[in-house]
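Student: The following block contains the structure, expressed as C-alpha cells.
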C-alpha cells in the first residue's frame, strides 16, 4: 500500500471512531468541545471552556443534543467534568499518554470556529512541555503537556487528541503559536483528577513551590540506582515549602516519597490531598552527593 494512502486510511479510521464521542459545547457566552468518557454521559473538557458556567448544551455529530451540568472544575489542570443526563453517545476509549513518543501520529477532533466534527492530523512534536495556567493569584505549571503540529483553533479546546488506535491520549487545551498546539495528557494523574472532581467537585493539592525539567543522570548514578533520568530544579519559589526545606535550584531530584522521579509528574502525582501537611522525603543529587531533604507540602490555594 502506498504510504500516503496508508496514512489517509489511518486518519480516516481514527476520525470515524472518535468523532461521534466528541461534543460541541455551548455554555454561557463561550463554546468549545468535550469528550464523552463514560456510557452514562460524563464528559471531559477544559476548565477554561467552562469558566464560571454551571450548565449548557452539548451537540453531537448525529444531530442529538443534551443539556449538561458542570460536576467539577480544576483550573490548575485546565480540566472539568460535565454530566449530561440525556441521551449521549457511548464512551470514547481513554488511552495512556505516557506511552507516546515524539513523531507519533495523532488526530485532533473538535469544533474549531464553530465547525462541528472537524478533524486535523499531525504528529507529536514534543513531550514533557510545561504550560502555565493561572487561577486567581495562583500560578501552576501543567506538566508533561503534549505538543502537536495538528492544527488547533478556538473551539478545539476540550476536544480529543487521539492516537492511531483511536484512543484518546490528550484533551486539546491551547494554541501555543503558529503550527503549535498543546494538549493535557490523559494518564494516571488525569484519572486521579477526574476521580476527585466526581467525588468533591474540586481537587485539593499539596504545594512545594518548585519547577524542574527532566535531565539524564550521570553514568555512575545510573549504575548505582538503575535510574536513567531525574528532575533538574530550575526554580525554587522563595518562602515556599521546598525553599524552607533547603531544596535549591540546580538540585537533581532522584526520588520523592522513596519513589523514583524521572519527570515533573513523578512529584505532581504525589501532591494530592493526602500529602498536605505530611512529611515527603526528597532525595537529590547535589555536588555529586546524594542528599535527603524532608519537605512538608502545604495546601495549594487557588485564589
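Student: Is it the case that residue 158 is in a loop (DSSP other than H, G, I, E, B) and closer than 14 Å to residue 44 by Cβ?
Tutor: Judged against the criteria, residue 158 is a match.
Student: Can you confirm whether residue 34 is under 16 Å from the mean Cα position of the chain (by Cα) and either surrounded by 24 or more Cβ atoms within 10 Å (Cβ to Cβ) or under 17 Å from residue 112 (Cα atoms) (or both)?
Tutor: Considered against the rule, which asks whether it is under 16 Å from the mean Cα position of the chain (by Cα) and either surrounded by 24 or more Cβ atoms within 10 Å (Cβ to Cβ) or under 17 Å from residue 112 (Cα atoms) (or both), residue 34 comes out as yes.
Student: Could you tell me which numbered condition residue 84 fails, if it satisfies all but one of (1) buried (at least 21 other Cβ atoms within 10 Å of the Cβ); (2) within 15 Å of the chain's Cα centre (by Cα); (3) at pLDDT 95 or above?
Tutor: All conditions pass for residue 84, except number (2).
Student: Would you pick out the residues in region 230-256 that are closer than 22 Å to residue 76 by Cβ, crowded, with 16+ Cβ neighbours inside 10 Å and under 23 Å from the mean Cα position of the chain (by Cα)?
Tutor: If the condition is that a residue be closer than 22 Å to residue 76 by Cβ, crowded, with 16+ Cβ neighbours inside 10 Å and under 23 Å from the mean Cα position of the chain (by Cα), then 231, 233, 236, 253, 256 are the ones that fit.
Student: Is it the case, given these coordinates, that residue 123 is surrounded by fewer than 21 Cβ atoms within 10 Å (Cβ to Cβ), touching a strand residue (DSSP E or B) at 6+ places or on another chain (Cβ under 9 Å), at pLDDT 95 or above and not in a loop (DSSP other than H, G, I, E, B)?
Tutor: Yes: the conditions hold for residue 123.
Student: Looking only at region 45-91, count how many residues are closer than 17 Å to residue 203 by Cα and assigned to a helix (DSSP H, G or I).
Tutor: The total comes to 3.
Student: To continue, here is another question. How many of the residues making up region 251-275 are assigned to a loop (DSSP other than H, G, I, E, B) and at pLDDT 95 or above?
Tutor: 1
Student: Moving on. Residues that are touching a helix residue (DSSP H, G or I) at 6+ places or on another chain (Cβ under 8 Å), touching a residue at least 40 places away in the same chain (Cβ under 8 Å) and crowded, with 17+ Cβ neighbours inside 10 Å: does region 44-63 have at least one?
Tutor: Yes, region 44-63 has at least one match.
Student: Answer yes or no as to whether residue 261 is free of Cβ contacts under 8 Å to residues at least 60 places away in the same chain, under 21 Å from residue 127 (Cβ atoms) and touching a helix residue (DSSP H, G or I) at 6+ places or on another chain (Cβ under 7 Å).
Tutor: Taking the combined requirement at face value, the residue satisfies it.
Student: Looking at 188, 275, which is the one that is surrounded by 22 or more Cβ atoms within 10 Å (Cβ to Cβ) and closer than 25 Å to residue 74 by Cβ?
Tutor: Only one candidate qualifies: 275.
Student: Would it be correct to say that residue 18 is in contact with a helix residue (DSSP H, G or I) (Cβ under 7 Å, 6 or more places away or on another chain), under 19 Å from residue 157 (Cα atoms) and either assigned to a helix (DSSP H, G or I) or not assigned by TED's automatic domain parsing to the domain that holds residue 268 (or both)?
Tutor: When the stated conditions are applied, residue 18 does not pass them.
Student: Same structure again: Mind checking which residues of region 192-222 are in a helix (DSSP H, G or I), touching a strand residue (DSSP E or B) at 6+ places or on another chain (Cβ under 9 Å) and not assigned by TED's automatic domain parsing to the domain that holds residue 272?
Tutor: If the condition is that a residue be in a helix (DSSP H, G or I), touching a strand residue (DSSP E or B) at 6+ places or on another chain (Cβ under 9 Å) and not assigned by TED's automatic domain parsing to the domain that holds residue 272, then 192, 193, 194, 196, 197, 198, 199, 200 are the ones that fit.
Student: Separate question: Is it the case, given these coordinates, that residue 77 is in contact (Cβ under 8 Å) with a residue 12 or more places away in the chain, buried (at least 21 other Cβ atoms within 10 Å of the Cβ), farther than 21 Å from residue 120 by Cα and under 20 Å from the mean Cα position of the chain (by Cα)?
Tutor: yes
The values are calculated or read from the model by the stated rules, or taken from the named source; none is laboratory data. Note that this is a predicted model, so its numbers are computed, not measured. Cβ sites come from the backbone with ideal geometry, for glycine too, and all protein chains shown count toward neighbours.
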